[in-house]
Structures are given as structure tokens and as C-alpha cells.
Amino acid sequence: MNKRNALIKFILPVIILAAIMGYMSLSRVESQEQAYYVAVYCQVVKTPDTPSYRDAMRAMIDAGNSDYALDRKKFNLRAADNVLNTVSKLTDAQRSMLKDNATACRQLISAKMAG
């Protein structure tokens, strides 16, 4: 019974804590990666008649991977959705401005995401 109590009191909480920490680290998007997705969006938004910006972002990121690359960039759905959710909160005037100037697009979206 002593071993079972030790399992319940020590080992099981450690395993649960490790699982929670692992989940939290996976659900967080690093600022550099988020900035990359903002830049990708600002390029994709220039393309007229794009049915799905998420799919266009995924295609652009996948196309950027060389066949011989050792470190291929995988599409981060959470980072893409963060950008798309931020854009959806912009006014119509702000959204129409995004297509005209990539630098202004990146600055506006980044500012909205930060604050």
C-alpha cells in the first residue's frame, strides 16, 4: 500500500503538471512566429478574389519550403487564426487599407495584436 500511496501523492501530480505545462507550451505562439504570419497575411491579402486567406497562407508557407530543406516550416493554425481574428475586428476602412501597403498592413495588425 505504501507504493500505491506514493504513486498517488507524488508521481501522479507530477505527471499531471507536466502534461499541463506541455499543453500550455504548445498553445502559445512565439512573437517572431506571429510576426511571420502577419507578414504572410499582408502578402496574401493583396491577391484579388482569394476565397480563403487561411488556405492561401498555408499554400504560401508550404511553397516556401524547398525540397532539400532540412528544417521545413510547418503551418501553425493557431498563429494564422490569431491574425485572421485580429483582422476580423478591424473596421472596413482599415481592412481595405491592408491591401494597399504591406508595411502599413504589418504595423496595423501588429499594433492591434499587441494592445
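The values are calculated or read from the model by the stated rules, or taken from the named source; none is laboratory data. In this text the structure is predicted, and so the values were computed from the model without any measurement. Cβ placement follows ideal geometry from the backbone for every residue including glycine, while neighbour counts extend to all protein chains displayed. We work out accessible area using only protein heavy atoms, side chains counted, and drop any ligands, DNA or RNA first. Shrake-Rupley method; radii C 1.70, N 1.55, O 1.52, S 1.80 Å.
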Item to check | Where a residue in region 51-80 is under 15 Å from residue 35 (Cβ atoms) and its partner, wherever it lies, is part of a helix (DSSP H, G or I) and of a type in the set (Lys, Arg), with Cβ under 6 Å and at least six apart | outcome: 80/54
Checklist entry - From the set of residues in region 78-101 that are assigned to a helix (DSSP H, G or I) and open to solvent by 80 Å² or more (accessible area, probe 1.4 Å), which is nearest to residue 31 (Cα to Cα)? => result 78
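I'd like the full set of residues that are open to solvent by 40 Å² or more (accessible area, probe 1.4 Å) and not hydrophobic (A, V, I, L, M, F, W, C), limited to region 46-65.
Quick first cut of region 46-65, residues open to solvent by 40 Å² or more (accessible area, probe 1.4 Å) only: 46-49, 51, 53-55, 58-60, 62-64.
Answer for region 46-65, where residues must be open to solvent by 40 Å² or more (accessible area, probe 1.4 Å) and not hydrophobic (A, V, I, L, M, F, W, C): 46, 47, 48, 49, 51, 53, 54, 55, 58, 62, 64.
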Next on the checklist: Pairs please, first residue from region 88-105 and over 15 Å from residue 53 (Cβ atoms), second anywhere and among the basic types (Lys, Arg) and not in a helix (DSSP H, G or I), Cβ atoms under 9 Å, 6+ apart in sequence or on different chains.
Outcome noted: 100/46
Next on the checklist: Condition first: part of a helix (DSSP H, G or I), closer than 17 Å to residue 106 by Cβ and touching a Leu at 6+ places or on another chain (Cβ under 8 Å). Now tell me which residues in region 30-66 satisfy that.
Outcome noted: 41, 42, 53
